[in-house]
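S.K.: Take a look at this one; I'll ask things after.
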Amino acid sequence: MRNFIDETGAPWVASVRELDGEDYKGRFWLVLNPEGSGTESDEVELIDVRWNSLKTAKRTLLTMSETELRRRLRSAAGRSV
């Protein structure tokens, strides 16, 4: 997990979700949640940002800049409108 602040100053949490099954390709993807929300309706799933292993997903999240996370959130929010 990785915490970041969006453009409005609201706190968000970037994490990874896993798809069960035997196929490992693209099994993990990026999920963004408003911090403290606790409801799935507020989360933003970026299914186009995928990884084959949890290790790679975690390493990528740790190295992503806050600017990149904000850009991903803004892009995903724009697609859902």
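This table checks each residue for (1) in contact with a helix residue (DSSP H, G or I) (Cβ under 9 Å, 6 or more places away or on another chain); (2) surrounded by 12 or more Cβ atoms within 10 Å (Cβ to Cβ); (3) among the small types (G, A, S).
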site: T8; (1), (2), (3): no, no, no
site: D23; (1), (2), (3): no, no, no
site: L32; (1), (2), (3): yes, yes, no
site: R70; (1), (2), (3): no, yes, no
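S.K.: What's the total number of residues in segment 44-55 that are surrounded by fewer than 16 Cβ atoms within 10 Å (Cβ to Cβ) and free of Cβ contacts under 8 Å to residues at least 24 places away in the same chain?
M.R.: 3
S.K.: From the set of residues in segment 12-21 that are exposed (fewer than 12 other Cβ atoms within 10 Å of the Cβ) and out of contact with any helix residue (DSSP H, G or I) (no Cβ under 9 Å at 6 or more places or on another chain), which is farthest from R74 (Cα to Cα)?
M.R.: Within segment 12-21, the first condition is being exposed (fewer than 12 other Cβ atoms within 10 Å of the Cβ), and the residues that meet it are 18, 20-21.
Checking which are out of contact with any helix residue (DSSP H, G or I) (no Cβ under 9 Å at 6 or more places or on another chain) leaves us with 20-21.
On the way: D20: 28, G21: 30 Å.
The residue in question is G21.
S.K.: Using beta carbons and a limit of 7 Å, which pairs, at least six apart or on different chains, have the first residue in segment 4-17 and touching a residue at least 60 places away in the same chain (Cβ under 8 Å) and the second one in a loop (DSSP other than H, G, I, E, B)?
M.R.: Between residues of segment 4-17 that are touching a residue at least 60 places away in the same chain (Cβ under 8 Å) and residues that are in a loop (DSSP other than H, G, I, E, B), the close pairs are W12/D6; W12/E35.
No value in this document is a laboratory result; all are computed from the given coordinates. Since we're looking at a predicted model, the values are computed, not measured. Here Cβ is always computed from backbone atoms with ideal geometry, including for glycine, and neighbour counts include all displayed protein chains.
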